[in-house]
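Worksheet for the structure shown next.
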Amino acid sequence: MSMNKKKKDKELLPWGETISLTFRMFRFLAGRMPKYLIFETLYNVWGALTPYVGIYISALIIDELAAGAERERLYTLVIIALVSAAVISAVSALLRRLRDTESCNLYMQCYSIYTEKMLRLDFADADSERAKALLSKIIESQNSSGRGLPSLVDSYISIVQRACSLFGGVALSVSLFMTPVPEGAGTLTILNSPVFTVLLLALLLAVTFISPILGTKASSYWARAISDANLGNRLWGHFGFLPFDKSFAEEIRIYNLIDLCESFTKDKTTLFMSAGPLASYAKGPAGALSAASSAVSVLSTGFVYAYVCLKSLGGAFGVGAVTQYVSAVTMLAGNVRGIMSAIGSIHVNATFLKNIDELLNYKDTMRIGHEHLEPLDAKDYEIEFRGVSFKYPGADEYALKDVNIKFGRGERLAVVGRNGSGKTTFIKLLCRLYDPTEGVILLNGRDIRKYDYDEYLERFSVVFQDFSLPMMRLGQVVASGEEYNEKAARECLTLAGFGERLDTLGDGLETYIYTGYDETGVDVSGGEAQKIAIACSLYKNSPFIVLDEPTAALDPLAEAEIYESFNELVDGKTSVYISHRLSSCRFCGDIAVFDGGRLAERGSHDELLSLNAKYAELWNAQAQYYEGE
């Protein structure tokens, strides 16, 4: 990481940007969880104000006892105290239940916000390193320190609670400064001086403000370390839990990775250990500032006790009022400190909110079309690339250049070429994961950008070479959803060559794929997983089917089985078949040869061989492996 990047991580946002960003994110969260914030507010307002009821009534009871209490008045005050405590407790319990019902969903709601955004992101953005880095920072910061939206809620709650409590403290303590010490109290009458009162208040305010400022300064050190902390979390999350991942069990033993894994629990100099960077912060400036903040806070409490006791000693009020004033002024000072700390936390947290705001403000540029696609027979669709060129975001070189090709109407098109020739990019543009940099792609003569994005994607079934299967029930995996047609799922699995394996599964289509969520699940081999992926594409039953190296993980017999049933697999659909193995493309009547991002040749197998050009070169280079096929 560069020094400039580290410096940027250490800087807090300006206050203007902090306030604007905080209010904007709070409004967004309030729109997602209105009931939670309402119940949380009511609960904390109630909890902030009601303690003063007990303080006030307790002071009255103590004064009555000190003055030789009238029995009836004392009984009345005790009954009032008991009834008010019961009512306060009952209402608090009700509000707590309402609050807890909603608050338990806070973290999941935050994850839901990020998940929904990532699912709706344009593929180009979701595939970008910037979006991945933002999501990683957001999740890691939330999990490690609660920063981001949870911290925003905590600060809001603290300010609401402290502000209400502050109001109650002012109401109960204002008479402390208004009640004079009797003239016969000697030197203690100096406490009646307005100058003394102003100086005392100024001192209390100064001490009260200094404490949270020091605390915020201490917290800023953890914000500065966030980049290192995120990296540390990633390393710990990988190496710390590597021994529990059975997919690494062989490598750990064969390559003796035990020492590497244990280094993250034994090395005291790593990020989170006792001799690491965070520990040095705690032992150094951050720890010193935190200690100073606590010391200053205690100092303000001492001033309060001294002032209240001296005024009581001078005869300004009785013993009961001492309890009232000490409690009220101590809570008053504590609430001011709490508000200042919350404001400081908001300033620190704004850096984390900025990452969330940036992620949420990615613009949706793909879903701009609104024209509907009428359901047509598979042979009624035709695709045309017209002068299409494409550069990946941030790239200088074209991945595709001036591609012109038309296909569809139930044809079989094989796409071949060396690695990096543009085959996969061609498919990504066809499926509109990206839009062309130049040129246009047409579906039945219309620019595909004019069509509803989701409806356009519905026309394609794709098996990518680097596919992944979710850990769900087999039937759900095939259907890509919770509900599925059992007969159709079985037919698709059988066509894809998974029929015999399916018959061995005790729970059939209800069998979980892999054992991550259910110990009764089954692990499937790479070839079996590829067959399931092909079955998924068949179940979708789209007019276009795209197979990217569909037999790469299959053994020769299974591969031959797929080729023999290919007519049934495509069933009259337009099929696009990508393969490095040219012999597997001969059943396609149309072959497109890509080279250097351009469409170099196109024709049948025999036509391309007769040209004695790029296709012939690739064929002859592999010919030794085709003997006997």
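The values are calculated or read from the model by the stated rules, or taken from the named source; none is laboratory data. In this text the structure is predicted, and so the values were computed from the model without any measurement. Backbone-built Cβ (ideal geometry, glycine too); neighbour counts: all protein chains shown. Each accessible area value is taken on the protein alone, full model and side chains, heavy atoms only, with ligands, DNA and RNA left out. Shrake-Rupley method; radii C 1.70, N 1.55, O 1.52, S 1.80 Å.
Are any residues in the range 318-363 within 17 Å of Ser165 (Cβ to Cβ) and among the charged types (D, E, K, R), and if so, which ones?
If the condition is that a residue be within 17 Å of Ser165 (Cβ to Cβ) and among the charged types (D, E, K, R), then Arg337 is the only one that fits.
Looking for something over 15 Å from Gln530 (Cβ atoms) and open to solvent by 60 Å² or more (accessible area, probe 1.4 Å) - is there at least one such residue anywhere in the range 458-465?
Filtering the range 458-465 for residues over 15 Å from Gln530 (Cβ atoms) gives 458-460.
Within this subset, residues satisfying the condition of being open to solvent by 60 Å² or more (accessible area, probe 1.4 Å) are 458.
Yes, that holds for at least one residue.
Give the residue that is farthest from Glu371 (Cα to Cα), with candidates limited to residues of the range 448-486 that are in contact (Cβ under 8 Å) with a residue 60 or more places away in the chain and in a strand (DSSP E or B).
Among them, the one singled out is Val463.
Determine which single condition Phe123 fails, assuming it passes every other condition in (1) farther than 16 Å from Ala350 by Cβ; (2) among the hydrophobic types (A, V, I, L, M, F, W, C); (3) open to solvent by less than 30 Å² (accessible area, probe 1.4 Å).
Only one criterion is unmet by Phe123, namely (3).
Would you be able to tell me the number of residues in the range 83-129 that are among the β-branched types (Val, Ile, Thr) and more than 21 Å from Leu149 (Cβ to Cβ)?
In the first step, residues of the range 83-129 are kept if they are among the β-branched types (Val, Ile, Thr); the result is 83, 87-88, 91, 101, 113, 115.
Keeping just the survivors that are more than 21 Å from Leu149 (Cβ to Cβ) gives 83, 87-88, 91.
Total satisfying the criteria: 4.
Would a scan of the range 35-53 turn up a residue that is open to solvent by 50 Å² or more (accessible area, probe 1.4 Å) and charged (D, E, K, R)?
Among the residues of the range 35-53, at least one is open to solvent by 50 Å² or more (accessible area, probe 1.4 Å) and charged (D, E, K, R), which makes the answer yes.
Quick check on Ile139: is it modelled with pLDDT of 90 or more and either in contact with a Cys (Cβ under 9 Å, 6 or more places away or on another chain) or assigned to a helix (DSSP H, G or I) (or both)? Spell out how you get there, then give the answer.
On the way: modelled with pLDDT of 90 or more: no; either in contact with a Cys (Cβ under 9 Å, 6 or more places away or on another chain) or assigned to a helix (DSSP H, G or I) (or both): yes.
No, not satisfied.
Of all the residues that make up the range 15-30, how many are more than 16 Å from Ser155 (Cα to Cα) and either open to solvent by less than 60 Å² (accessible area, probe 1.4 Å) or under 18 Å from the mean Cα position of the chain (by Cα) (or both)?
So the count comes out to 1.
Is the range 607-619 home to any residue that is over 18 Å from Gly408 (Cβ atoms), assigned to a strand (DSSP E or B), open to solvent by 60 Å² or more (accessible area, probe 1.4 Å) and modelled with pLDDT of 75 or more?
Of all residues in the range 607-619, those over 18 Å from Gly408 (Cβ atoms) come to 607-619.
Now drop any that are not assigned to a strand (DSSP E or B), which leaves none.
There is no residue in the range 607-619 that is over 18 Å from Gly408 (Cβ atoms), assigned to a strand (DSSP E or B), open to solvent by 60 Å² or more (accessible area, probe 1.4 Å) and modelled with pLDDT of 75 or more.
With over 30 Å from Val308 (Cα atoms), open to solvent by less than 40 Å² (accessible area, probe 1.4 Å) and either part of a helix (DSSP H, G or I) or at pLDDT 80 or above (or both) as the only criterion, which of Leu188, Leu134 stands out?
On the way: Leu188 fails: over 30 Å from Val308 (Cα atoms).
Just one listed residue meets the conditions, Leu134.
Part of a helix (DSSP H, G or I) and modelled with pLDDT under 90: is that true of Ala533 in this structure? Before you say what the answer is, go through the steps one by one.
On the way: part of a helix (DSSP H, G or I): yes; modelled with pLDDT under 90: no.
Here the answer is no, as Ala533 does not meet what is asked.
Of these, Cys110, Cys104, which one is within 27 Å of Glu40 (Cβ to Cβ) and open to solvent by 50 Å² or more (accessible area, probe 1.4 Å)?
Values: Cys110 fails: open to solvent by 50 Å² or more (accessible area, probe 1.4 Å).
Cys104 is the lone residue from the list that is within 27 Å of Glu40 (Cβ to Cβ) and open to solvent by 50 Å² or more (accessible area, probe 1.4 Å).
Looking only at the range 275-298, decide whether some residue is assigned to a helix (DSSP H, G or I), modelled with pLDDT under 75 and of a type in the set (Val, Ile, Thr).
Yes, some residue in the range 275-298 is assigned to a helix (DSSP H, G or I), modelled with pLDDT under 75 and of a type in the set (Val, Ile, Thr).
Which residues, counting only those in the range 473-511, are closer than 26 Å to Lys246 by Cα and open to solvent by 50 Å² or more (accessible area, probe 1.4 Å)?
The initial filter retains those residues of the range 473-511 that are closer than 26 Å to Lys246 by Cα, namely 473-478, 498, 501-502, 504-511.
Arg473, Arg501, Thr504, Gly506, Asp507, Glu510 - these are the residues of the range 473-511 that are closer than 26 Å to Lys246 by Cα and open to solvent by 50 Å² or more (accessible area, probe 1.4 Å).
So that you can scan it fast, the table gives a plain yes or no per residue for (1) without any contact (Cβ under 8 Å) to a residue 40 or more places away in the chain; (2) aliphatic (A, V, I, L, M); (3) over 30 Å from Asp435 (Cα atoms):
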| position | (1), (2), (3) |
| --- | --- |
| Cys110 | no, no, yes |
| Ser136 | no, no, no |
| Asn143 | no, no, yes |
| Ser151 | no, no, yes |
| Ala163 | no, yes, yes |
| Ala171 | no, yes, yes |
| Ala185 | no, yes, yes |
